[in-house]
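Student: To start, I am sharing the structure in question, which I have written as structure tokens.
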Amino acid sequence: MDKCLFCDIIDGKIASQKHSETALVYAFYDIHPQAPLHILLIPKEHIHSILEVKENHASVLSEMVQLAQAIAKKEAVDKTGFRLVFNCGPNAGQAVDHLHLHLLAKRKLAWPPG
Ligand code: 5GP
Ligand code: ZN
């Protein structure tokens, strides 16, 4: 079983600023925020990247999206807008090999991204 930095955050071995959680997903504030609101949503189970997502991960993926919806509503950015991002691999700048969904909001986000 792989373990990593984000597994240590889930296990409480490394401190994090929790936003919220569900049975399968943990959401916390990014340590280097790229927007006034920057939250990471991670599965409590170690999944390396979006490339490793299989059919049996349907529940956890669904819960990640539903928690992102709930956070957007709680933070009142559901109407102003927000961005959800999965970085995968070196060209996308994936730095932590544990699946994570970025939720960015509370500023105008440029497109295309850098
Ligand atoms: P990636 O570049 O892999 O898509 O995103 C990894 C994210 O994790 C980055 O935005 C980075 O700031 C964040 N990060 C890395 N280490 C930590 C940490 O120890 N605590 C928190 N809260 N965020 C972290
Ligand atoms: Zn992990």
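The values are calculated or read from the model by the stated rules, or taken from the named source; none is laboratory data. This one's a predicted model, so the numbers in the text were calculated from it and none came from an experiment. Note that each Cβ is placed from the backbone with ideal geometry, even for glycine, and that neighbours are counted across all protein chains shown. All accessible areas refer to the heavy atoms of the entire protein, side chains included, with ligands and DNA or RNA removed. Shrake-Rupley method; radii C 1.70, N 1.55, O 1.52, S 1.80 Å.
Student: Could you list, in sequence order, all residues of the stretch 47-70 that are under 13 Å from the mean Cα position of the chain (by Cα), open to solvent by less than 30 Å² (accessible area, probe 1.4 Å) and not aliphatic (A, V, I, L, M)?
Tutor: Answer for the stretch 47-70, where residues must be under 13 Å from the mean Cα position of the chain (by Cα), open to solvent by less than 30 Å² (accessible area, probe 1.4 Å) and not aliphatic (A, V, I, L, M): just 49.
Student: Kindly provide the set of residues from the stretch 57-89 that are within 13 Å of residue 103 (Cβ to Cβ) and acidic (Asp, Glu), ordered by number.
Tutor: Selection gives 75, 78.
Student: Need pairs with beta-carbon distance below 7 Å; first residue free of Cβ contacts under 8 Å to residues at least 12 places away in the same chain and within the stretch 1-25, second within 14 Å of ligand 2 (Cβ to nearest atom) and open to solvent by less than 40 Å² (accessible area, probe 1.4 Å); sequence gap 6+ or separate chains.
Tutor: 18/28
Student: Could I ask something else about it? Checking the condition more than 13 Å from the chain's Cα centre (by Cα) and among the charged types (D, E, K, R), which residue from 78, 30 passes?
Tutor: 78
Here is a yes/no grid of residues against (1) open to solvent by 10 Å² or more (accessible area, probe 1.4 Å); (2) in contact with a strand residue (DSSP E or B) (Cβ under 9 Å, 6 or more places away or on another chain); (3) closer than 16 Å to residue 63 by Cβ; (4) of a type in the set (Gly, Ala, Ser):
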site	(1), (2), (3), (4)
10	yes, yes, yes, no
17	yes, yes, no, no
24	yes, yes, yes, no
33	yes, yes, no, no
45	yes, no, yes, no
